[in-house]
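Here the structure comes first, spelled out in structure tokens, and everything after it is commentary.
The values are calculated or read from the model by the stated rules, or taken from the named source; none is laboratory data. As the structure is a prediction and not an experimental result, all values here were calculated from the model. Because the Cβ atoms are built from the backbone with ideal geometry, glycine has one as well, and the counts that use them run over all protein chains shown. Just so you know, the surface numbers come from the protein's heavy atoms only, side chains and all, with ligands and any DNA or RNA stripped out. Shrake-Rupley method; radii C 1.70, N 1.55, O 1.52, S 1.80 Å.
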Amino acid sequence: MQGISDKTLAIHHDKLYAGYVAKKNEIGEKLRALSQGGDVSTANQSYSELRALMDGESFAVNGVYLHEWYFDVLGGDGAAAGALADALAAKYGSLENFLKYFSACGMAARGWVVLCWDTKDQALRVYTADAHNQGGIWGCMPIIVLDVYEHAYFIDYGSDRKAYIADYWKNLDWKKATELYEAAMK
């Protein structure tokens, strides 16, 4: 990949992502026990074991899913082509306008930028999230996901997030992104 090192990808995937998978599974086991006859009598909106687990579950599950979408569209040559590129050019006036806007969202967000298909509006949308369980819009199917947490780029770029985002586009697999787009519209 251009700019994004194997070391960064290994740490990002094999340690950080794997940690989210482990926590997702651990929380799932605890919730399964509670949902199948466990003691939920102390559940309340201020603090309870159930509330903490539910909050932790949304963070861990989204941590898994967002990272999977991020990794799924990496590994390409960055050559934009296909129905998704055409749809983005139509919506934003040009593909360059979309790339500029999405990249700016990457500079503005603290955690994630997501191009998705909004199943309610039947339209492409860009959303940002400062945390895994904050900012996602229900009914939206992710297509292009960019991780802008420092762990995604700091080893290779230091604090130069802008250079990381530019290289992200050079490594985007537009064919895979187009497949996600076409599946989301169904």
Residue among Ala109, Ala90, Ile27 farthest towards the positive dipole end of the chain, charges placed on Cβ: Ala90
Report, in listed order, any pair from Lys7/Lys170; Lys100/Lys162; Lys91/Lys120; Lys24/Lys175; Lys91/Lys186 with a Cα-Cα distance greater than 23 Å. Lys24/Lys175
How much length is gained on full extension from Met141 to Lys91, taking 0.36 nm per residue of separation minus their Cα-Cα distance? 16.3 nm
Might you work out the accessible area of Asp160 for me, using a 1.4 Å probe with all protein chains in place, and round it to the nearest 10 Å²? 70
Size of charge dipole - the chain - debye, nearest 20, with Cβ of Lys, Arg +1 and Asp, Glu -1, no other charges: 240
Specify, per residue and in Å³, the volume enclosed by the convex hull of the alpha carbon atoms belonging to segment 1-47. 105
Against the longest principal axis of the chain, how steep is helix 95-108, in degrees 0 to 90 to the nearest 10, with axes from Cα atoms? 40
How big is D for segment 21-71, in µm² s⁻¹ as a whole number, if Stokes-Einstein is applied with the Kirkwood radius of its Cα pairs at 20 °C and 1.002 mPa s? 184
The chain: angle of helix 161-170 to the longest principal axis, Cα-based, in degrees nearest 10: 70
Can you pull the accessible area of Asp55 for me, 1.4 Å probe, Å² to the nearest 10? 90
Measure off, as a whole percent, the carbon and sulfur share of the 1.4 Å-probe accessible area of the chain, all protein chains present. 53
Note down the magnitude of the dipole of segment 1-69 about its Cα centre, charges +1 on Lys and Arg C-beta and -1 on Asp and Glu C-beta and zero elsewhere, to the nearest 20 debye. 80
How many angstrom lie between the C-alpha centres of segment 25-40 and segment 107-183? 32
From the square roots a ≥ b ≥ c of the eigenvalues of the alpha-carbon gyration tensor of segment 1-105, which class results: rounded (a/c under 1.5), prolate (a/b over b/c), or oblate? prolate
Set of aspartates and glutamates with alpha-carbon distance to Lys30 below 14 Å, sequence-local pairs under 8 removed: Asp39, Glu49, Asp55, Glu57
Of the residues Val73, Leu146, Ile4, the Cα lying farthest along the dipole of the chain towards its positive end, which is defined by charges on the beta carbon of Lys, Arg, Asp and Glu, belongs to Leu146
